[in-house]
């Protein structure tokens, strides 16, 4: 039998492998890029990423009718929300508004940083060109370019990879009969950093539903089981499983830093209708002493709330019945009816 020898990587594959190794090693980081592109001005774009499931992204995207920016705590403020979001529909099977970010915001999102491998984002395997020690502005690295010209279509792509494997520069341009897209990223700062869960929590103002940033995903699907650990309440530890009765329970992860959005009046109205409610502090630190708090962040991390307030309807067998993100006082009555209806979808013996 003839032994098969591993073929050495070509030069371009070696450069891309360097980038893959860098991103595989640095799974938790903050980065700052300058971005310019279609309908957007050149402003610092800040990223906070912890693979595989948490992504925070904020920027000033200067379309004339909206702005997305960060607050001092890393939460997201959105102005002119009717311009930022598409009209939300209802996702089937879960009580969650299916809000999507506008096209310009989605275009600016750096998907190349959250892909399983960076090399999978680089097109034109047989037509790529490598230039060693190339300069783009003040940056120096190995540059890979790719260009495709066909009738009605132009694709132009450039990426600059540094000595350590960091993606220093990333540019794409697509022109076709169906429309044009282009974007340019230039790295300003990259810092490896460990995060607390609260670094990724989006506080939900009381007048709109939150958005899932592309790539972040949702924590569960209905009919999945999840578990609570031992949390702190005042000076004592409590096992939350002891508080979950044999009836459906609405678990409310509350943003206690801003009680006005905690929907307390709606929760009391649900309790008056016979719905069992378990209130929890939604942030990993701080909050009301009379509510259970996960001081370590470990169990809260398992819950992985994408936004606050966050409501989970748990069936007696521990399975998720339905969940809701955000709370709109103008729709409080509809939301309460939805919770009550969800608890009555099947007899308790099967629920």
Considering every residue within segment 194-208, establish whether at least one is assigned to a loop (DSSP other than H, G, I, E, B), modelled with pLDDT of 70 or more and surrounded by fewer than 17 Cβ atoms within 10 Å (Cβ to Cβ). yes
Evaluate the following for residue 237: is it modelled with pLDDT under 80 and either outside any loop (DSSP other than H, G, I, E, B) or surrounded by fewer than 17 Cβ atoms within 10 Å (Cβ to Cβ) (or both)? no
Do we find a residue being more than 31 Å from the chain's Cα centre (by Cα), surrounded by fewer than 16 Cβ atoms within 10 Å (Cβ to Cβ) and closer than 12 Å to residue 15 by Cα anywhere in segment 112-129? yes
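Results for (1) touching a strand residue (DSSP E or B) at 6+ places or on another chain (Cβ under 7 Å); (2) under 22 Å from residue 21 (Cα atoms); (3) modelled with pLDDT of 90 or more; (4) not in a loop (DSSP other than H, G, I, E, B), shown as yes or no for each residue.
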| site | (1), (2), (3), (4) |
| --- | --- |
| 127 | yes, no, yes, no |
| 133 | yes, yes, yes, yes |
| 147 | yes, no, yes, yes |
| 158 | yes, yes, yes, yes |
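The rows are residues; the columns are (1) at pLDDT below 80; (2) outside any strand (DSSP E or B); (3) more than 21 Å from the chain's Cα centre (by Cα).
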position	(1), (2), (3)
290	no, yes, yes
296	yes, yes, yes
299	yes, yes, no
302	yes, yes, no
321	no, no, yes
324	no, no, no
332	no, yes, yes
Identify all residues within segment 172-186 that are touching a strand residue (DSSP E or B) at 6+ places or on another chain (Cβ under 8 Å), more than 11 Å from residue 112 (Cβ to Cβ) and assigned to a strand (DSSP E or B); write none if there are none. 173, 174, 175, 176, 180, 181, 182, 184, 186
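The values are calculated or read from the model by the stated rules, or taken from the named source; none is laboratory data. Predicted, not measured: the structure shown is a model, and the values here were computed from it. Counting neighbours? That spans all protein chains shown, and the Cβs are built from the backbone with ideal geometry, glycine included.
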